[in-house]
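Some notes on the structure that comes next.
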Amino acid sequence: MTSLDKPTSETDQTHLTGPQHAGGKHAAQQDTASKAVTEAALFEAFGGVRGMVETVLPGLLFVTIFTINKNLHISAIAALAVSLALVAVRLIRRDTVKHAFSGVFGVAFGVVFAMMTGNAKDFYLPGMLYTLGLAIAYLGTAAAGVPLIGLILGPVFKENLSWRTRNPGRKKAYTKASYAWGLILLAKCAILFPLYWWADSTQFGWVLIALKIPPFLLAVYLTWVFLAKAPPPIDVFAEMEAEEQAEKDRKAQAAAALRNPEA
């Protein structure tokens, strides 16, 4: 190595290696920040821990009471009452109520079905049909190139539908995630629907409650993995604000030019 090739001082060595090291550190920080943003957005979209509790609690109360006293009416009324109470708490605290309201509608349909047929298992039937329909929707939209998970999360990430034409890497991640959701929900249905016919009401209720959270968490985790590796979202709201500001600046400049034509 000649004197021209060899760094002459410790300062020179830092100068040669420092920027590269700093760039790698900055990229790692950006990657960590992107994963954190993705995780927060997923929690917001799917309700987080509180949303899971609101999803599970009415059904858990129903099957617990029915296991103890076999009284369909008391079990159904208790489940509906706790769903309404969860909505009331959110309204009082002025929180978003979309997850709680969806739970109320699901429980209400289940109560109507069970009361009409007199079969406790029919309390869960509307939710099962919804899950099956959702699985088909995830798989169908992914195959059609408009993955449902992208339609759900696009507004959360402030990218709307920009991923369809402007961010192919992100579209690919949404497609994978939609297939994952569809297959996981389809597997859940493959377990529950046979049990609906074969198991008794109490056994079926406990199996259904046990399958509420794990498949959901698996689907959310896979979505996080796919999106964490995808390109960052395009913030279309920031773009629109920038365009509006640029238009205001152009108008201001034009007005100034009219007022001072000699300037």
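For segment 196-226, filtered to residues that are without any contact (Cβ under 8 Å) to a residue 24 or more places away in the chain and farther than 20 Å from LEU61 by Cα, the residue that is surrounded by the most Cβ atoms within 10 Å (Cβ to Cβ) is VAL225.
ALA230 meets each of the listed conditions (1) in a helix (DSSP H, G or I); (2) open to solvent by less than 60 Å² (accessible area, probe 1.4 Å); (3) of a type outside the set (Asp, Glu); (4) farther than 30 Å from GLY118 by Cβ apart from (1). VAL89: at pLDDT below 90, surrounded by fewer than 16 Cβ atoms within 10 Å (Cβ to Cβ) and hydrophobic (A, V, I, L, M, F, W, C), yes or no? Criteria met by VAL89. I need the full set of residues from segment 233-263 which are under 30 Å from GLY154 (Cα atoms), part of a helix (DSSP H, G or I) and not charged (D, E, K, R), in order please. Of everything in segment 233-263, those that are under 30 Å from GLY154 (Cα atoms), part of a helix (DSSP H, G or I) and not charged (D, E, K, R) turn out to be VAL236, PHE237, ALA238, MET240, ALA242, GLN245, ALA246.
Candidates in segment 172-195 are the residues that are touching a residue at least 12 places away in the same chain (Cβ under 8 Å) and open to solvent by 60 Å² or more (accessible area, probe 1.4 Å); of these, the one that is farthest from the chain's Cα centre (by Cα) is ILE191.
Listed here are the residues, each with its yes/no results for (1) assigned to a loop (DSSP other than H, G, I, E, B); (2) surrounded by 17 or more Cβ atoms within 10 Å (Cβ to Cβ); (3) in contact with a helix residue (DSSP H, G or I) (Cβ under 7 Å, 6 or more places away or on another chain).
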site: VAL49; (1), (2), (3): no, no, no
site: LEU60; (1), (2), (3): no, yes, yes
site: HIS73; (1), (2), (3): no, no, no
site: ASP95; (1), (2), (3): yes, no, no
site: GLY103; (1), (2), (3): no, yes, yes
site: GLY110; (1), (2), (3): no, yes, yes
site: MET116; (1), (2), (3): no, no, no
site: LEU129; (1), (2), (3): no, no, no
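The values are calculated or read from the model by the stated rules, or taken from the named source; none is laboratory data. Predicted, not measured: the structure shown is a model, and the values here were computed from it. Positions of Cβ are backbone-derived with ideal geometry, glycine not excepted, and every protein chain shown enters the neighbour counts. Surface areas here come from the heavy atoms of the whole protein model, side chains and all, with no ligands, DNA or RNA. Shrake-Rupley method; radii C 1.70, N 1.55, O 1.52, S 1.80 Å.
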